[in-house]
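Here is the structure we will look at, set down as structure tokens.
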Amino acid sequence: MLLISCPWCGPRDEAEFHYGGQAHVPYPEDSAALTDEEWARYLFFRDNPKGPFAERWSHAAGCRRWFNAVRNTATNEILAVYRAGEERPSTGGPGPVTSARAEVEDEPEGRSTSTGPQQRTKPRHAPGPTAAGVAGQPFRLQAGGRVDRTEPLSFTFDGTPYEGFRGDTLASALLANGVIQAGTSIKLGRPRGIFSAGVEEPNAVVQIEAPFPEPMLPATTVELYDGLVASSLPGQGRLATEPDPARYDAVHAHCDLLVVGAGPAGLAAVAAAARSGARVILADDQPELGGSLLGTGELLDWVDEVAAVLEAAPEVRVLRRTTVFGYYDDNHLLAVERRTNHLGAAAPENVSRERVWRIRARRVVLATGAHERSLAFADNDRPGVMLAASARAYVNRHGVLPGRHAVVFTTNDSAYAAALDLTAAGVDVTAIVDTRPEPGEWAERARDAGIEVLAGHAVTGTEGDARLTAVTVAPYEQPAGQRKFTADLLLVSGGWNPVAHLFSQAGGKLHHDEARGSFVPDTCRQAVEVAGSATGVLDLARVLAHGAAAGARAIEAEGYSPETHRIPDVAVQPQTPPMQVFVVPGAPGAPRFVDLQRDVTVDDLARATGAGLRSVEHTKRYTTAGTANDQGKTSGVLASGVVAELLGVDISALGTTTFRPPYTPVSFATLAGRDRGALHDPIRVTALHEWHVAHGALFENVGQWKRPWYYPQDGEDMEAAVLRECRAAREGVAFMDASTLGKIDVQGPDAAVFLDRLYTNMMSTLKVGMIRYGVMCRLDGMVFDDGTVMRLAEDRFLVTTTTGNAAAVLDWMEEWLQTEWPELRVHCTSVTEQWATVALVGPRSREVLGALAPALAVDNDSFPFMAWRETSVVGIEARVCRISFSGELAYEINVSPWEALTLWEALYEAGAPYGITPYGTETMHVLRAEKGYPIIGQDTDGTVTPHDLGMSWAVSKKKRDFVGKRSYARADTVRPDRKHLVGLLPEDPGTFLPEGTHLIADSVLPAPPVPMLGHVTSSYRSAALGRTFALALIKGGRERIGERLYAPVGDRLVPVTVASPVLYDPEGARRDG
Amino acid sequence: MADTAPTAPLRSPLSHSADRLAVATRTSRGAVRLAELPFLAQINLRLDAKGAAADAVGIALDLPLPLEPNTVVRAGELTALWLGPDEWLLVGPPGIQRDLENRIRAASGDEPVSVTDVSAQRTTLLVAGPHARDLLAHGCPLDLHPRAFGPGRCAQTTLGRAQIMLVARDEARAGFWVLVRSSFAAYLTDWLLDAATEYV
């Protein structure tokens, strides 16, 4: 959502504005002097540059002012806004591009000192080495982690009841019960296990069955609650068959700084800003703050300390369980907060289950962390293969052992910490297999802990069916020297991918960092900075410093003074550079999976490159790699790496596929929020709506209005009801609620001049007290709207528009006044709802009105056709107009809507002796069609001139110019074969022509292409004519009157006769009663 | 001319919703206060802010027209909302619309001033209570924080899917006025009551 700055109101959401096309294209001074080509150039040709472009915009939902904006059409940046009539200001090039990375020295800062391995921060709840097994949860540690062992929760998975604890995810609870397989793969049906501990999960995507069915949720993101019922899936879920009973909603939020991610970098950033007075939002997808620290068990005291600071800061809002999933223009971000999911059946009914946060942030710090990458080795998909840091998180955060006997396979340092934590927790880590020939100091630490380190080795195969049983290891890229280890857990780390999704969505560019072996954020033109491991920095001390600096910089830029919150001293860890590995040679024929969720292997990608595909965007579409609901979080960069190797190019040249919102799947129900059911689209009603409802009206939607369509009585169908209503209007008296017609008050000394320019006919000659029908056209001469114009005073008119066009006509008037004719002293004000309008129709309408308006002389001489009078009707101030849309004697009575019901009921009562009948839009349509009156938008479609409608009489020949005039001299508008509005009479008076039916000349359907002469625009059964009839737009129709044409209806060709559009009372004898 | 039938009571666009608004107010125990303020006099005024009529009208109404965009000026029982550089909405107690119109026309003399009674064009909803801002934030894209939209601010914007005029009243306790087109009032009421579910 762009933020557009109205020159008057300031920045507002794009949705408040209407686009008005190219600016500075003035209406020609003398359009008559232009050649057809010059006029066509003005009408139809506009520039279409790539880059800065001056455009007209209207602040339609705000101050209604038209203004100009210079927009870069390539980036959507609004470079300048200026008021109508002002010169276009000079604009420079594109806006500033800021470096997204925190400008902190990449070397460790002073406060961090290099320390030896013995001072490594220990997890706070480091469990004893032998403490596995809680009653019923064989893989649960006796102590440690952040689960609450005093609150057991029962759940069911695949029909088996289990128990977990508050603080578990479904995945951690399954692991605690020794369950690792969580589904089978989508194409190959291979067993798949829990692979990660977060949103990146590709395997353990499950179906929630109860309390409410929901498909395809990663078990790693489902907080455990009591009574949860879930089942594994074969890679594909099932939609619920019953409606979702939960509530969903949305909130708009604004802040100086949005920090995404509450890990070490995000917390350091928000801590720096918390006490400054700046408005800060911290959003994190977990139920508690800490991010990666929850998984490593580090600095948890500091996390609590920062949480307390945030709690105490009145302008800081912490959104837990909230995933920022979209980053749009002008720092507009969308997030989804899961508010009651974790409560299961105990969720309160009046609280929305999920909420979309629409956040407009002055500054954004993305501390989104990094996802661990897998490796493409043989049979790398067996249950028990798990990302190393995820296994570490299960131990430290959930107090769960993901296995008993583990092998670690890594290309970098980070998996060593996982191995050490698992060892400390009691897992038998048999070996660490490191592709690097010299793994450095971390290897020494592992050996000190009694773990064998196989440097320069790789995993070449695995065994096991429902669960991993053995791992085969060999020297990297060498055939000999295989060893086999018994293991039920294989931890994998192929390096880290910064979570750059949001940054990339923001328009940020990524580049490949050779040293870190990953794609990292580079530059972005939005006000965003990336901090922590989302930049590729993994060292905790530097991550903290990055975050604090980014937070401070952001609020300083907004004019606040940051306060440095304590950043904990963290030992700088030894570092040995990672090795870039994607594909690992393995046993021939064994699949090496790249995308686990889509079952895409190295061989599949090889087929894609073999087919000539050279871009990862193409290999993605060819193989479906990265298209599953995890959107390739663990596989995307791996796929790029594999394709790069296959093509023999460097991965930096290949890049990644495009990151698009949403970052994680968001349900349609959540996105819809409360805009569903009755609130899906506003319903507009008149002051008489309840009467119509009470009297059994069926309603027709006209724009957003609900208009009575017809009022069936005693089981009548529509045909019978409409014939009855029509008969009442033609023979007695009937009345209709016409309040929905648009009404615009046009005031000012130049009001008459203004209307003369906008209408095709002359309005300045209209006398006060009289009414004239008018037609409004666009510049191309095509009919745009019609209605009546009442002259209230010399300088004041009341214009009516069609129901659906009221807003468009007012916009049109304002556009001309503000951009072309600012010298005219005229103001236009909508008064659509200021008046309720009742049409009183029929030969007995005069008696009814006369009875209620004793002061009004209703005879034809005193109150002639097309006059209006101010009078009192049943004691209510009213403007009564003598206009007719039916050809009958008729009145329109306008009163305050506050008194409309009183008037309506009085009419109903006074008309009762004459059988007064309420009628709806269908009857109105029949009555007007019998008279050949077109409905704009039904009988016209934007290609029809007043002349085509047979309304040349409404086009002034006296006026020097008016909008549309020049177009009537164009060759195209004077063609003899233009389509004219005519009547059609089926030769069989009972045959009904569906609207839209085509018309052809021959009685036999010729071979395609069939030459079409036109089509039916309106079709009805007429009580007055005692037959069916239609209106149609027919080529050269007026010259065809009396001709027989054919209408293909179904498989029949229905013969019809072309007639004048005025089929009823062509002399107009009934108008005066 | 009111010579015939006895005057029937006026019916406002939300007369049939008054009960539901009252129930929501009561059950929220004041967390949100919702009510229709029906029949307020509303006059749309258009004139050249730099012309002679601006001062004359200001003096006649004893109310200087606000010139800063999106602000209101209140004097006595009258409130003037800035709607545009040459457009204001005057809001006053029920029944004074004709008097207002006459005073403005008399004061402006021959100056080209447009005055339109729009009292029935919109109705006014009161949204107040400690959760008023939270409630509005469910559907209003504007920044309603007191720093950005404090007392004396007004805006033409959207709430839910309806266009509204929003006025922050003088004191925080007084809450907001939401002026909405009469035909949208029932929709907006349904929307507000639905959004208020969490607070009642």
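Restricted to segment A:793-810, and to residues there that are open to solvent by less than 40 Å² (accessible area, probe 1.4 Å) and out of contact with any strand residue (DSSP E or B) (no Cβ under 6 Å at 6 or more places or on another chain), the residue that is farthest from the other protein chains (Cβ to nearest Cβ) is A:Ala808.
Take A:Val280 and decide whether it is of a type in the set (A, V, I, L, M, F, W, C), within 14 Å of chain B (Cβ to nearest Cβ) and buried (at least 20 other Cβ atoms within 10 Å of the Cβ).
Working: of a type in the set (A, V, I, L, M, F, W, C): yes; within 14 Å of chain B (Cβ to nearest Cβ): yes; buried (at least 20 other Cβ atoms within 10 Å of the Cβ): yes.
Judged against the criteria, A:Val280 is a match.
In segment B:35-58, is there at least one residue being more than 14 Å from every other protein chain (Cβ to nearest Cβ), in contact with a helix residue (DSSP H, G or I) (Cβ under 9 Å, 6 or more places away or on another chain) and assigned to a strand (DSSP E or B)? Among the residues of segment B:35-58, at least one is more than 14 Å from every other protein chain (Cβ to nearest Cβ), in contact with a helix residue (DSSP H, G or I) (Cβ under 9 Å, 6 or more places away or on another chain) and assigned to a strand (DSSP E or B), which makes the answer yes. The strands (runs of 3 or more DSSP E) located wholly in segment A:954-1073 that include 1 or more residues which are in contact (Cβ under 8 Å) with a residue 12 or more places away in the chain and in contact with a His (Cβ under 9 Å, 6 or more places away or on another chain) occupy A:979-986, A:1014-1022, A:1027-1035, A:1044-1049.
For segment A:1-33, filtering for residues that are small (Gly, Ala, Ser) and more than 32 Å from the chain's Cα centre (by Cα) leaves 3.
With respect to the conditions (1) under 30 Å from A:Gln573 (Cα atoms); (2) in contact with a Ser or Thr (Cβ under 7 Å, 6 or more places away or on another chain), A:Arg339 lacks only one, and its number is (1).
Yes or no: segment B:147-167 includes at least one residue that is within 16 Å of B:Val72 (Cα to Cα), in the same structural domain as B:Leu45 (by TED's automatic domain parsing), open to solvent by 10 Å² or more (accessible area, probe 1.4 Å) and free of Cβ contacts under 8 Å to residues at least 40 places away in the same chain. No, the conditions are met nowhere in segment B:147-167.
If only one of A:Glu892, A:Glu888, A:Glu899, A:Glu877 is more than 9 Å from chain B (Cβ to nearest Cβ) and open to solvent by 10 Å² or more (accessible area, probe 1.4 Å), which one is it?
A:Glu892
Number of residues in segment A:49-73 that are without any contact (Cβ under 8 Å) to a residue 24 or more places away in the chain and either in a loop (DSSP other than H, G, I, E, B) or within 14 Å of chain B (Cβ to nearest Cβ) (or both) equals 1. Could you please give the count of residues in segment A:316-348 that are assigned to a loop (DSSP other than H, G, I, E, B) and open to solvent by 60 Å² or more (accessible area, probe 1.4 Å)? So the answer is 1.
Give, as residue ranges, the helices (runs of 4 or more DSSP H) completely inside segment A:648-729 that count at least 1 residues that are open to solvent by less than 70 Å² (accessible area, probe 1.4 Å), within 14 Å of chain B (Cβ to nearest Cβ) and not hydroxyl-bearing (Ser, Thr, Tyr).
Hits in segment A:648-729: A:668-672, A:689-694.
In segment A:395-412 there is at least one residue that is closer than 30 Å to A:Val528 by Cβ and either basic (Lys, Arg) or surrounded by 18 or more Cβ atoms within 10 Å (Cβ to Cβ) (or both). Taking the listed residues A:Pro588, A:Pro562, the one that is part of a loop (DSSP other than H, G, I, E, B), within 30 Å of A:Thr184 (Cα to Cα) and of a type outside the set (D, E, K, R) is A:Pro588, with no other qualifying.
With respect to A:Arg757, determine if the residue is farther than 17 Å from A:Ala697 by Cα, open to solvent by 10 Å² or more (accessible area, probe 1.4 Å), away from chain B (no Cβ under 14 Å) and in a helix (DSSP H, G or I). Taking the combined requirement at face value, the residue satisfies it. I'm checking my understanding of the structure. Among residues of segment A:725-756 that are touching a Phe, Trp or Tyr at 6+ places or on another chain (Cβ under 9 Å) and of a type in the set (Lys, Arg), which one is nearest to A:Val838 (Cα to Cα)? Per the criteria, the residue is A:Lys743.
Taken over segment A:524-553, the criterion of being over 30 Å from A:Gly494 (Cα atoms), open to solvent by 10 Å² or more (accessible area, probe 1.4 Å) and not in a loop (DSSP other than H, G, I, E, B) is satisfied by A:Ala552, A:Arg553. Please find, among A:Val407, A:Val433, A:Val453, A:Val459, the residue that is assigned by TED's automatic domain parsing to the domain that holds A:Phe195, modelled with pLDDT of 95 or more, over 49 Å from the mean Cα position of the chain (by Cα) and not in a loop (DSSP other than H, G, I, E, B). Only one candidate qualifies: A:Val453.
Criterion applied to A:Ala250, A:Ala171, A:Ala182 was being more than 30 Å from B:Ala137 (Cα to Cα) and either open to solvent by 10 Å² or more (accessible area, probe 1.4 Å) or in a strand (DSSP E or B) (or both), and the one residue passing it is A:Ala182.
Whether a residue is of a type in the set (Val, Ile, Thr) and open to solvent by 40 Å² or more (accessible area, probe 1.4 Å) was assessed, and A:Val768 passes this test. Of the residues making up segment A:204-247, those that are outside any loop (DSSP other than H, G, I, E, B), at pLDDT 90 or above and open to solvent by less than 40 Å² (accessible area, probe 1.4 Å) are A:Val205, A:Val206, A:Gln207, A:Ile208, A:Glu214, A:Pro215, A:Pro218, A:Leu228, A:Ala230, A:Ser231, A:Leu233. Segment B:71-166 holds strands (runs of 3 or more DSSP E) entirely within its bounds, and those carrying 3 or more residues that are within 12 Å of chain A (Cβ to nearest Cβ) map to B:78-84, B:87-92, B:114-117, B:154-159. Checking each residue in segment A:10-26 for being open to solvent by less than 40 Å² (accessible area, probe 1.4 Å) and within 15 Å of A:Trp816 (Cβ to Cβ) picks out A:Gly20, A:Gly21, A:Ala23, A:Val25. Got at least one residue in segment A:510-518 being within 27 Å of the chain's Cα centre (by Cα) and open to solvent by 10 Å² or more (accessible area, probe 1.4 Å)? Yes, segment A:510-518 contains at least one residue that is within 27 Å of the chain's Cα centre (by Cα) and open to solvent by 10 Å² or more (accessible area, probe 1.4 Å).
For segment B:177-200, taking the residues that are more than 7 Å from chain A (Cβ to nearest Cβ), open to solvent by 10 Å² or more (accessible area, probe 1.4 Å) and outside any helix (DSSP H, G or I), the one that is nearest to A:Arg684 (Cα to Cα) is identified as B:Trp177. Where the second residue is hydroxyl-bearing (Ser, Thr, Tyr) and the first is within 30 Å of B:Lys50 (Cβ to Cβ) and lies in segment B:113-132, which pairs have Cβ atoms under 6 Å and are six or more apart or on separate chains? Pairs that qualify, where the first residue is within 30 Å of B:Lys50 (Cβ to Cβ) and the partner is hydroxyl-bearing (Ser, Thr, Tyr), are B:Thr116/A:Thr829. Out of A:Glu870, A:Glu847, one residue alone is among the charged types (D, E, K, R) and either open to solvent by less than 30 Å² (accessible area, probe 1.4 Å) or within 14 Å of another protein chain (Cβ to nearest Cβ) (or both). It is A:Glu870.
The values are calculated or read from the model by the stated rules, or taken from the named source; none is laboratory data. Owing to the predicted nature of the structure, the values given are computational and were not obtained by experimental measurement. Reconstructed Cβ throughout: ideal geometry from the backbone, glycine too, with neighbour counts over all protein chains shown. Note: areas computed on protein heavy atoms with side chains; ligands, DNA, RNA excluded. Shrake-Rupley method; radii C 1.70, N 1.55, O 1.52, S 1.80 Å.
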